[in-house]
Each structure stands twice: as structure tokens, then as C-alpha cells.
Amino acid sequence: MAVGDMNYLDMEIKQIRLAKMATFCYLIGDRASRACALIDPAFETDRILEKVRENHMRVTHVINTHAHSDHTAGNEAVKAATGAKILIHELDAGRLQAFMNKTFSRVLGGKGSPKPDVLLKDNDIIGIGDSSLKVLHTPGHTPGGICLYTQGNVFTGDTLFVGAVGRTDLPGGSMKTLLASIQEKIYTLPADTIVWPGHDYGPFPSSTVGQEKDNNPFTL
Ligand SMILES: [Zn+2]
Ligand SMILES: [Zn+2]
């Protein structure tokens, strides 16, 4: 894969398991500049922002792997506290603002999301300080679902879990499309790439591309 335009400076990764719905939020920081991105800061935004402070980071980007409320309900609180930009794939952007997203976000105790600042496409590079993340468009769970790749690590949202895959019975879902996304975009990464899923649904909180390729019953 073409990665010549990416910078892999020293990045710091923190996996934060949220109490509700076993959602994982990720803090990805650029060690030199202390800029960081939060992936899916859905709940407990005070605890997430405390973690950011503990690590002497500042949030420049909120990146949603997709528009579902269990990944986006905290967008508004994080943006209000930090001024970070909100980024989501262009095909999920409309759903972020949809009535159902707001409703479910409130049920879950969050406020939902303001309008996104940046619409993402496949292969976009997101600069975090002097480091970068690459956008892998992986439709199937939702039409605008993405994974985020940086050297040695892939954040898979609700596309791929440890030992499972995302559900495809919700609006816009397709199992055929999801499996093709996993095969083409995730299983082509180096086997030792760490898989960081969007929920703690498996026997372990993370895995590797090789491990899932060999053992995930949904993709064998
Ligand atoms: Zn989802
Ligand atoms: Zn989810």
C-alpha cells in the first residue's frame, strides 16, 4: 500500500474502555507536538478529557469511525471543551445529523454531534501534529464506515472485532460489502498490525491482522 506520504513519528496510543456498551475510545497522540486525536469519544467525556490532560496532550481532531450514536454521542461535549475538528466519512455525515442519532445520543446520556468540519474519503491522510493516520473506507456496517491506519496499528470501529465482525442488519448494512472491506482493506495490511476494535466484544481487547485472518470465524 502507498504510504510514502505518511509520517510515522512516535505515536502514543491509549485504549479507553467506556462503561456503556463496551465501546472503546482511542487517544492517539503525536509524542513530539502533544497533539492528539480522539477516535469515537462517545461517553464519559470528562474521563476521556482527564486522560488527555494526564498525558499532557491537546485534542485537535475527533474522528468517528461511523455515525452510530454509541461512537458519536460525546462529539459535542469534546468539541465544546477543546475546539477540536470533527471528521467523518462523507457517506456517514448525513446520518450524524439525523434525528435518530440525536435521539439515541440523548437516551445514552450525550448530546450527539455538531456538524462535521471535515468530510473524509478513502486514502485521505489526517495529520496529527507531525504524525499521520490514513483513512481506509470500509463500508458494510454503514455506508461510510472507516478504519484508521498508522504504522503497526489499525483502528477498526464496528467493521472488525476480535473474533467477530460488525452487524449488518441496520439501515445501509451489507454482509457481502462488509466481508469484502475486511478482505481488501484490513487483511492486506501486514500480519503483525495490531487490530484495535470499536467494542470490547471478544476474548481480548485487541488482536492482530494475522490472528483474525487465521481465526475469526466470520471471515474464514
Ligand atoms: Zn455501529
Ligand atoms: Zn458500535
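The values are calculated or read from the model by the stated rules, or taken from the named source; none is laboratory data. Worth saying up front: this structure is predicted, and the values here are computed from it rather than measured. Note: ideal-geometry Cβ built from the backbone for every residue, glycine included; neighbour counts use all protein chains shown. Surface accessibility is based on the protein's heavy atoms, side chains included, excluding ligands, DNA and RNA. Shrake-Rupley method; radii C 1.70, N 1.55, O 1.52, S 1.80 Å.
The condition of being open to solvent by 30 Å² or more (accessible area, probe 1.4 Å) and either touching a Pro at 6+ places or on another chain (Cβ under 6 Å) or of a type in the set (Lys, Arg) (or both) holds for only one of Gly129, Gly145, Gly172, that being Gly172.
Anything in region 154-169 that is closer than 19 Å to Cys25 by Cβ and either open to solvent by 20 Å² or more (accessible area, probe 1.4 Å) or within 16 Å of ligand 2 (Cβ to nearest atom) (or both)? List them, or say none. Break it down into steps so the answer makes sense when it comes.
Taking region 154-169 and keeping what is closer than 19 Å to Cys25 by Cβ, we get 154-162, 166.
Phe155, Thr156, Gly157, Asp158, Thr159, Leu160, Phe161, Val162, Gly166, listed by residue number.
The rows are residues; the columns are (1) of a type in the set (D, E, K, R); (2) within 18 Å of Gly29 (Cβ to Cβ).
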residue	(1), (2)
His56	no, yes
Ile63	no, yes
Lys85	yes, yes
Glu90	yes, no
Arg95	yes, no
Ala98	no, no
Lys102	yes, no
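Can you run down the residue pairs with Cβ atoms below 7 Å, 6 or more apart or on separate chains, where the first is in region 76-98 and under 16 Å from Lys111 (Cα atoms) and the partner is open to solvent by 50 Å² or more (accessible area, probe 1.4 Å) and part of a loop (DSSP other than H, G, I, E, B)? Qualifying pairs under 7 Å: Glu76/Lys111; Ala77/Lys111; Ile86/Asp117; Gln97/Lys115. The criterion of at least 2 residues that are away from ligand 1 (no atom under 16 Å from the Cβ) and among the hydroxyl-bearing types (Ser, Thr, Tyr) is met, among strands (runs of 3 or more DSSP E) falling completely within region 140-205, by 146-150.
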